[in-house]
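So the structure is just underneath, and the comments pick up after that.
The values are calculated or read from the model by the stated rules, or taken from the named source; none is laboratory data. Just so you know, these numbers come straight off a predicted model, no measurement behind them. Glycine also receives a Cβ, built like all others from the backbone with ideal geometry; neighbour counts cover every protein chain displayed.
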Amino acid sequence: MTTTLAEVLSVLEEFYPADSAQSWDRVGLVTGDPAQPVTRIHFAVDPTLAVIDEARKGGADLLITHHPLLLRGVHSLATTTAKGAAVTSLIVSDIALFCAHTNADSADPGVNTALAAACGLTETQPLTISEGSPLGLVGDLPQSLRLSDFAAALAGNLPTTAGGIRVAGPFDAPVRRIAVLGGSGDSLFDAVRASAADVYVTADLRHHPASEAREEARGGAPYLIDAGHWATESLWLAHARDRLLAALSERGVDPTRLETHISAVRTDPWDFVVGAQPLGGTREG
Ligand SMILES: [Zn+2]
């Protein structure tokens with residue numbers, strides 16, 4: 001018996017309830033017909049044209065992404081814009097698109113539990129609550145590590161990107177309490193300070209919020225790790241796939257009838273860096 005999109009959606013909506021998303025967010029089904037059959041599911045962080053093309057070539061009929069395709073209003077779905085080309089390609093290829101964004105961030109397990117696990121945290125609690133949903137996590141490592149060793153271990157657990165991981169703080173500083181927020185995190189510094197975290201692992205840290213946070217810390221904790229937006233969120237994909245397959249099989253869906261694929265497209269927008277200071281360089285350089 002073929003699995004329908006509606007059956008898959010009922011599991012996804014249980015894992016990632018739409019009403020746990022932030023009010024500005026746009027989550028859920030973007031294209032597709034709940035009655036359509038699903039045999040191949042493709043997972044990616046971003047519904048870029050390259051990802052949609054990859055899904056189409058792989059014969060996917062459902063694409064599950066973290067980031068929404070249509071967060072802001074569009075006036076045309078013509079292929080003359082990238083958004084229009086994406087929607088057109090999904091529809092003509094019969095690919096349903098489902099997005100779980102801030103509702104997957106706050107889910108347990110979800111995007112941040114996957115990132116917390118990559119940091120070596122086993123027990124965590126919410127970093128803060130926003131609109132009634134938990135945002136970010138904080139927990140303690142089993143033992144204290146040097147900031148540089150912690151960052152290196154984290155880098156080993158994250159997919160490689162052109163930019164790598166940027167760290168603000170002394171190389172040898174001991175760290176144990178870790179706050180995490182996958183994706184853009186520079187709005188949560190107050191919560192990070194309140195949590196008494198030694199390190200804040202997040203991404204998209206802009207100059208002013210980051211340097212002001214370092215000034216506020218007077219060179220001490222919380223130290224900052226900018227591990228890249230795509231990298232910090234991509235670990236969720238394998239977790240979501242495993243959990244979805246387990247739940248579907250509990251509901252009587254034969255898992256061998258479903259193929260799943262995690263996108264090999266690195267949708268981090270950066271391709272290379274030049275001129276980075278080698279490890280061990282000084283600020284005075
Ligand atoms: Zn994100």
> If you check Leu97, Leu135, which single one turns out to be over 22 Å from Ser187 (Cα atoms) and under 21 Å from the mean Cα position of the chain (by Cα)?
Replying inline: Leu97
> What are the residues in region 252-265 that are over 16 Å from Thr39 (Cα atoms) and modelled with pLDDT under 95, if any?
Replying inline: none
> Does any residue of region 139-156 turn out to be surrounded by 14 or more Cβ atoms within 10 Å (Cβ to Cβ), under 25 Å from Val45 (Cα atoms) and within 16 Å of the ligand (Cβ to nearest atom)?
Replying inline: no
> Take the residues of region 114-125 that are away from the ligand (no atom under 15 Å from the Cβ) and assigned to a helix (DSSP H, G or I): which is surrounded by the fewest Cβ atoms within 10 Å (Cβ to Cβ)?
Replying inline: Ala117
>> One residue is enough: does region 161-170 have a residue meeting the conditions out of contact with any helix residue (DSSP H, G or I) (no Cβ under 6 Å at 6 or more places or on another chain), at pLDDT 95 or above, aliphatic (A, V, I, L, M) and more than 21 Å from Leu147 (Cβ to Cβ)?
In response: yes
> Considering Asp268, Asp204, which residue is closer than 30 Å to Thr39 by Cα and of a type in the set (D, E, K, R)?
Replying inline: Asp268
> Of the conditions (1) within 16 Å of the ligand (Cβ to nearest atom); (2) within 17 Å of the chain's Cα centre (by Cα); (3) surrounded by fewer than 16 Cβ atoms within 10 Å (Cβ to Cβ), Ala238 fails just one. Which one is it?
Replying inline: (1)
> Residues Ala210, Ala179: which one is under 23 Å from Gln125 (Cβ atoms), in contact (Cβ under 8 Å) with a residue 40 or more places away in the chain, touching a strand residue (DSSP E or B) at 6+ places or on another chain (Cβ under 8 Å) and more than 14 Å from the ligand (Cβ to nearest atom)?
Replying inline: Ala179
> Tell me, which residue of region 206-230 that is assigned to a loop (DSSP other than H, G, I, E, B) and of a type outside the set (D, E, K, R) is surrounded by the most Cβ atoms within 10 Å (Cβ to Cβ)?
Replying inline: Ala227
>> Any residue at all in region 271-283 that's out of contact with any strand residue (DSSP E or B) (no Cβ under 6 Å at 6 or more places or on another chain), at pLDDT 95 or above and part of a helix (DSSP H, G or I)?
In response: no
> Among Leu127, Leu158, which is touching a residue at least 24 places away in the same chain (Cβ under 8 Å) and within 19 Å of Asp190 (Cβ to Cβ)?
Replying inline: Leu127
> Given Leu90, Leu77, which one is closer than 18 Å to Asp46 by Cβ and surrounded by 15 or more Cβ atoms within 10 Å (Cβ to Cβ)?
Replying inline: Leu90
>> Just the residues that are in a loop (DSSP other than H, G, I, E, B), polar (S, T, N, Q) and more than 16 Å from the ligand (Cβ to nearest atom), please, taken from region 157-176.
In response: Thr160
> Which of the residues that make up region 187-201 are under 17 Å from Val175 (Cβ atoms) and either part of a loop (DSSP other than H, G, I, E, B) or in contact (Cβ under 8 Å) with a residue 60 or more places away in the chain (or both)?
Replying inline: Val192, Ser195, Ala196, Ala197, Asp198, Val201
>> When you check Asp190 against the structure, is it surrounded by fewer than 21 Cβ atoms within 10 Å (Cβ to Cβ), out of contact with any Ser or Thr (no Cβ under 6 Å at 6 or more places or on another chain), modelled with pLDDT of 95 or more and over 26 Å from Thr102 (Cβ atoms), yes or no?
In response: no
